[in-house]
Each structure stands twice: as structure tokens, then as C-alpha cells.
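Novice: Structure incoming, see below.
The values are calculated or read from the model by the stated rules, or taken from the named source; none is laboratory data. Since the model is a prediction, treat every value here as computed from it, not as a measurement. Heads up, the Cβs are rebuilt from the backbone with ideal geometry, glycines too, and the neighbour counts pull from every protein chain shown. Just so you know, the surface numbers come from the protein's heavy atoms only, side chains and all, with ligands and any DNA or RNA stripped out. Shrake-Rupley method; radii C 1.70, N 1.55, O 1.52, S 1.80 Å.
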Amino acid sequence: MTVALIGPSEDRELRAVATELDARGTEWAVWDTDHWPGEVPLSFDVASGIRTTVSEPIQPDSLSAVYVRRIGFDLRNSDFADELDTRPYSLVNQLTEYRGLLGSVLRYLDDRGIPIVNAPQTMAVHRLKPYQLARFADAGLPVPKTLTTNDPTAAMEFVEEVDEVIYKPVAGGGHARIVTAEDLEPDRLERLSNAPVQFQRRLDGTNYRLFVVDGDIVATAHILSDNLDYRMGPHEVETIDPPAPVAAAASRAADCLGLAFAGVDIIVTEDSFRILEANPSPMFATFDERAGTNVAGHLAEFLE
Ligand SMILES: Nc1ncnc2c1ncn2[C@@H]1O[C@H](COP(=O)(O)OP(=O)(O)OP(=O)(O)O)[C@@H](O)[C@H]1O
Ligand SMILES: [Mg+2]
């Protein structure tokens, strides 16, 4: 049995899982998404299976699991910058076609009962932050008061109602920032029509990152930083035992989004906590290094 690892072959998370699979004597094969678009073969038909660089076609039943680190085919990847300039429409079509093929393979494997960490349908929640919060709230999990809008009037009303507000991208991939008086100037607020934004009550507490594998909390750290968004500057990562309700909430958050593997961000305040998001393909290689945890090992064990 083989574990398929999907992502760029040099990706640190992918390498860390491969190392842990080696340590367990489990076979693995990388489907290097950096090969595509390109001349490296990728064929699929239901009769003969999946053909990639590996000479023999891969039959679904020979796979014990699939780890999807990153599908790729993302226009925001800087590798595509030049082509995006010179031939935007054909590039968009090309990536859509590749996504269609690999997406079909994954969905088919999922239908056949091969565990996929995480399956494409659930992976999509990464870009659906407002959905995540709504889902958590419906499941009875505590979330920060949040409004996602492209409407300056609605944004203004939210800011007037909530004491201190931060804003951040709807689909992630940016930083959280505090809403300032300048942000509320009409010229700037009008720019909301360019793209909606998430406005959220600022939480004053400690950032927790919990890694969930198959419902279990396999690592937790709190992240100490002087910045609102810790990724904007130096920060300390220290392992810690999460309070039981926080651990239970992280596991539940992953479960209600159907995620077998997740990195859940929670802010723990003096007397309570709020869930920010569950990341379906979290980075953990640096985290393991800095915090002395073994997320890669737990993930490998699950894949095996
Ligand atoms: N309401 C908030 N109050 C205080 N700090 C916040 C708040 N929301 C976000 N932050 C800070 O910004 C960081 C990033 O926010 P969040 O985890 O919600 O989304 P994200 O990580 O930007 O999404 P992605 O990982 O997809 O880029 C948090 O870990 C936290 O440090
Ligand atoms: Mg986050």
C-alpha cells in the first residue's frame, strides 16, 4: 500500500510527512503539482487507473491514503506572474483544465473510500472564512462577532456598535489589522466595493494554535507576539496544555467542517475563548521544529 502525497515536492510539510512515513516503513509517492502545467504525464480513466510519472498505473485500491498539501494551479502563485501578464485567458483556461483533472481524480478516490486528507470539498473551506464562522456558530461553538461586507454603511454601523474592530481578508492570505479613524474616511470606505472584507471584534487574549488529527489534539502551542497578527513580526511559539473546553472546541470545529486534519486558531481571553478558523492544510514543519512537537508523525500515522 502506498500513501500519495500531493503538492510541490520540495514543500517542507510534504517532506516532513515523507520522512515520518519512511521511519514507519510505509511506501509513498509524490504527485508533484509543480510539474503541471507541463510535460510530465497525468492521465486518468476508470478502466486503467491513474498514470503519473510512476511507470505502472496506480489503482485506487493500492492507495492507503492521500495527503493533499496543496493542489496548486493558483493564479496568485508568483511562478505564473509573467504568463498572467502576457496570456491571461489561456493561462486561466489551462489551470482550470488541470484543476478539473486532478480534482476528478481526488473526488473519485474519495468516492472509492480512500481517505483523503483533506478531500477537495472540505479543503475549499480554507477560502470560505464567513462560512466557517457561521458553521461553528450553528454548532454552538463561540466565535467573534463578525460582519463580512462590501457595503460602507453596514461596515460603519458595525464599527459604531462594536468597541474595537479588526479587519482581514474574506478568503485569507493577508493580515489582520486594526480599524483606524483613517480607515473610516469616506474615500477609503468606498473602496469596499472593490472587494468585501471581514470586520471582527478585536479579541484581547492569547493566540492558540491546535493541530487536530482524526479528532485528537496532537499538538498545541500558544503564540506570543507584540503584533495584532503574529505573522507580521517576531513571535514565540511555546507548547502548552490547552484548557479542556478549548481542546474540545478545536476538535469539534474540525469535525463540523469534515476535516481529518486541521490547524485551529483560537484566541483565549481571560474568562473565555473564541474560534477564529480551522485551516485545512496548515503548515507544521516550522512549528514542530520550534515547539518540539510531532504533528508530522501523528499525521503520518493516520495516513498509514
Ligand atoms: N478578532 C481578532 N482579534 C485579535 N486578533 C486577531 C483577530 N482575528 C485575527 N487576529 C490575529 O490575526 C491572525 C490571523 O487571523 P486568522 O487566523 O483569523 O486568519 P488568517 O490566518 O489570516 O487566514 P489564513 O491562514 O487563511 O491566511 C490570528 O492568528 C490572530 O493573531
Ligand atoms: Mg490563522
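Novice: Only helical DSSP H runs with n ≥ 4 go in: add -39500 (n - 2.57) per run for the chain, normalise by residue count and round the 222 nm mean residue ellipticity to 500 deg cm²/dmol. Spell out each step's value before the answer.
Specialist: Details: 10 runs with 100 residues, N = 304.
The per-residue figure over the chain is -9500 deg cm²/dmol.
Novice: Take the solvent-accessible surface of the protein heavy atoms, probe 1.4 Å, and return the percent of it on the chain that carbon and sulfur atoms account for. It would help to have the intermediate numbers written out before the result.
Specialist: On the way: 7340 of 15340 Å².
The value for the chain is 48 percent carbon and sulfur by accessible area.
Novice: In a Gaussian network model over the chain where Cα atoms closer than 10 Å are linked, find which of 142, 196, 243 has the largest mean-square fluctuation.
Specialist: Between 142, 196, 243, it is 243 that shows the largest mean-square fluctuation.
Novice: Separate question: For residue 118, list long-range residues whose amide hydrogen, built 1.01 Å from N in the peptide plane, is under 5 Å from its own amide hydrogen.
Specialist: Excluding prolines and chain starts, which carry no amide H, the hits are 68.
Novice: By how many degrees, 0 to 90 and rounded to 10, does the Cα axis of helix 244-256 deviate from the longest principal axis of the chain?
Specialist: On a 0 to 90 degree scale, this one is about 60.
Novice: Show the residues, 5+ positions off or on another chain, whose built amide H is closer than 5 Å to the amide H of residue 44.
Specialist: When sequence neighbours closer than 5 places are left aside, the close amide H contacts are 51.
Novice: Calculate how steeply helix 12-23 sits against the longest principal axis of the alpha-carbon atoms of the chain, using the helix alpha-carbon long axis, and give the answer as 0 to 90 degrees to the nearest 10.
Specialist: Its long axis makes an angle of about 50 degrees.
Novice: If you keep only loop residues by DSSP, which GluC sites (Glu not before Pro) in region 234-271 have at most 14 other Cβ atoms within 10 Å of their Cβ? Spell out each step's value before the answer.
Specialist: On the way: sites: 236, 238, 270; in loops: 270.
Passing both the DSSP loop test and the Cβ count: 270.
Novice: I've got another one for you. Under 10 Å from the Cβ of residue 264, count the other residues' Cβ atoms, weight Lys and Arg +1, Asp and Glu -1, and hand me the total. Let's see the in-between values first.
Specialist: On the way: positive: 209, 252; negative: 265, 277.
Residues close to residue 264 contribute a combined charge of 0.
Novice: Given Cα pairs under 8 Å that are at least 6 residues apart, what percent is the relative contact order of region 2-117? Before the final figure, lay out the partial values.
Specialist: Numbers: 147 pairs, mean separation 33.4, N = 116.
Relative contact order of region 2-117: 29 percent.
Novice: On a 0 to 90° scale, report how tilted helix 88-111 is relative to the longest principal axis of the chain, with both axes built from alpha carbons and the result rounded to the nearest 10.
Specialist: 70
Novice: A follow-up question, please. Would you please put 284-293, 245-254, 89-98 in order of how densely packed they are, using the mean number of other Cβ atoms within 10 angstrom per residue and starting with the highest? Before the final figure, lay out each step's value.
Specialist: Details: 284-293: 17.4, 245-254: 20.7, 89-98: 13.5.
Going by the mean number of other Cβ atoms within 10 Å, highest first, we get 245-254, 284-293, 89-98.
Novice: Test of understanding: extend the Cα→C-beta vector of residue 138 to 7 Å, then name every residue of region 233-257 with backbone N under 13 Å from that spot.
Specialist: Only 256-257 fall inside the zone, counting backbone N under 13 Å.
Novice: For the chain, what does the accessible surface come to per residue with a 1.4 Å probe? Please give it in Å². Walk me through the numbers on the way to the answer.
Specialist: Numbers: 15340 Å² over 304 residues.
Value for the chain: 50 Å² per residue.
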